[in-house]
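**Student:** Quick one: the structure is below, questions incoming.
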Amino acid sequence: MENAERFLNAYAVIEHELQKILDLKDHRRFYDMVDMAAKVNPVISRYKFDLREYGDLRNAIVHDRADGKIIAVPNDDTVAHIEAIASALVAPPRVVPLFQKKVLTLQTSDPMTQAIRLLSKYTYSQAPVLEQDTIAGLITTSLIVRWMGHSLDEGTFDLENTTVGAILDQLKCMKCFEIVSAATSLYEIPELFLSYQEHGGKLEAVLITRYGSNREPLLGIITNRDLPAVQRHLLGRKA
């Protein structure tokens, strides 16, 4: 009976959060709310099918009774899982402080020799580029290789006298980074990387500032190399 009560309490929290997410004024079926919210909320999207099954279990607990007695009692793992989902909806883990760190940056005025030396020294594949105090772009190893190939073909290859900013301007590369606020849910990060893949692109990095503006100091960075750590943390929440 304790498990049934805990399950129903967590279910009620999730149902309330679904109504808030969708800003509903009228009653909707739980299944319908899950389907609708999955399109806009990464937590619901991640656990959509689990929640639909929990909707069936909730109906069995509440409605399908014999002589007024509950005939379905969720096991410990199910209760822990639905409670974790409820917790993730109410208070999801944020990108800060989990991925707050000092970020290697370059200036648009830096020569390419400086960029290559620093990327090699720290074995990084990318670095944000600043123009004074504004995020102007992202330099990546793949972008550098493209520039080298192009400049060698044109006979203009010059590491010493080519700046990082000149490469960004010259290649006019497609956007390969996103800027998010420190309060962004960690559940949104895998979705960001996946959305780029689905549209034939590649997200190289998620840059973190306090409010998600390119005119704020960088607080952290999340790259493809960090995705296993993101997944481990989310799985560690047992949701």
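**Student:** Order of 165-171, 130-136, 120-126 by packing, highest average Cβ count within 10 Å first? Intermediate values should be presented prior to the final figure.
**Tutor:** Numbers: 165-171: 16.4, 130-136: 14.9, 120-126: 12.6.
The packing order, highest mean first, is 165-171, 130-136, 120-126.
**Student:** Using 0.36 nm per residue, how much length does the chain from D35 to T141 gain when fully extended, once their Cα-Cα distance is taken away? Mind dumping the intermediate values first?
**Tutor:** Details: separation 106, 0.36 × 106 = 38.16 nm, distance 4.01 nm.
Contour length minus Cα-Cα distance gives 34.1 nm.
**Student:** Let me ask something else. Near the amide H of Y124, under 5 Å away, which other amide H atoms are found, from residues 5 or more places off or on another chain, if H is placed in the peptide plane?
**Tutor:** For Y124, whose amide H was placed from the backbone, there are no distant partners under 5 Å.
**Student:** Amide H of G220 versus every other amide H placed in the peptide plane: which residues, excluding those fewer than 5 positions away on the same chain, fall under 5 Å?
**Tutor:** K101, I208
**Student:** Then there is this: With a probe of 1.4 Å, find how much accessible area segment 91-239 has per residue, and write the answer as a whole number in Å².
**Tutor:** On the way: 8210 Å² over 149 residues.
Here the residues of segment 91-239 average 55 Å² of exposed surface.
**Student:** Carbon and sulfur: what percent of the chain's accessible surface (1.4 Å probe)? Don't skip to the end; give the middle numbers.
**Tutor:** Values: 6610 of 13390 Å².
Accessible surface attributable to carbon and sulfur in the chain totals 49 percent.
**Student:** For the peptides 35-41, 227-233, 158-164, what is the packing order when you average, over each peptide's residues, the other Cβ atoms within 10 Å and list the highest mean first?
**Tutor:** Values: 35-41: 16.6, 227-233: 12.7, 158-164: 14.4.
The densest-packed peptide leads the list: 35-41, 158-164, 227-233.
**Student:** Pick the calculated Cα extents along the principal axes in Å for this structure from (1) 66, 38, 37; (2) 87, 28, 28; (3) 52, 40, 32?
**Tutor:** Computing Cα extents along the principal axes in Å and matching it to (1) 66, 38, 37; (2) 87, 28, 28; (3) 52, 40, 32 gives (2).
**Student:** Hey, which of these cross-link pairs are over 25 Å Cα-Cα: K20/K102; K102/K175; K101/K202; K39/K202; K101/K175?
**Tutor:** Numbers: K20/K102 36 Å; K102/K175 23 Å; K101/K202 23 Å; K39/K202 22 Å; K101/K175 23 Å.
With Cα atoms farther than 25 Å apart: K20/K102.
**Student:** Now for a different question. Distance in nm between label sites at K202 and S181, each 7 Å beyond Cα in the beta-carbon direction?
**Tutor:** The two pseudo-label positions are separated by 3.2 nm.
**Student:** Let me have the 222 nm mean residue ellipticity of the chain computed from DSSP H runs of 4+ only, each contributing -39500 (n - 2.57), with the sum over all residues rounded to the nearest 500.
**Tutor:** Numbers: 11 runs with 122 residues, N = 239.
Estimated from H runs of four or more residues: -15500 deg cm²/dmol.
**Student:** Find how many whole Å separate the alpha carbon centroid of segment 176-239 from the alpha carbon centroid of segment 75-113.
**Tutor:** Between the Cα centres of segment 75-113 and segment 176-239 lies a distance of 7 Å.
**Student:** Quick one: net charge around H150, please, counting Lys, Arg +1 and Asp, Glu -1 for every other residue with C-beta under 14 Å from its C-beta. Don't jump to the answer; show the numbers that get you there.
**Tutor:** Numbers: positive: R146, K172; negative: D153, E154, D158, D169.
Net charge around H150: -2.
**Student:** Rounding to the nearest 10 and keeping the result within 0 to 90°, find how far the Cα-based axis of helix 141-154 lies from the longest principal axis of the chain.
**Tutor:** Helix 141-154 sits at roughly 30 degrees to that axis.
**Student:** Can you give me the long-range amide H partners of Q107? Hydrogens built in the peptide plane at 1.01 Å from N, cutoff under 5 Å, separation of 5 or more residues or another chain.
**Tutor:** Correct list: L130.
**Student:** So for the pair D77, N214, with labels modelled 7 Å out along Cα→Cβ, what separation do we get in nm?
**Tutor:** Result for the modelled spin labels: 4.7 nm.
**Student:** To the nearest 20 debye, what is the magnitude of the charge dipole of segment 1-91 about its Cα centre, counting +1 on the Cβ of each Lys and Arg and -1 on the Cβ of each Asp and Glu?
**Tutor:** Working: 12 positive and 16 negative charges, 64 e Å.
Once rounded to the nearest 20, the dipole reads 300 debye.
**Student:** Calculate the dipole size of the chain relative to its Cα centre from +1 charges on Lys and Arg beta carbons and -1 charges on Asp and Glu beta carbons; express the result in debye to the nearest 20. Before the final figure, lay out each step's value.
**Tutor:** Details: 27 positive and 31 negative charges, 63 e Å.
The calculated dipole for the chain is roughly 300 debye.
The values are calculated or read from the model by the stated rules, or taken from the named source; none is laboratory data. For clarity, every value in this text was computed on a predicted model and none was experimentally measured. Heads up, the Cβs are rebuilt from the backbone with ideal geometry, glycines too, and the neighbour counts pull from every protein chain shown. For accessibility, only protein heavy atoms count, side chains too; no ligands or nucleic acids. Shrake-Rupley method; radii C 1.70, N 1.55, O 1.52, S 1.80 Å.
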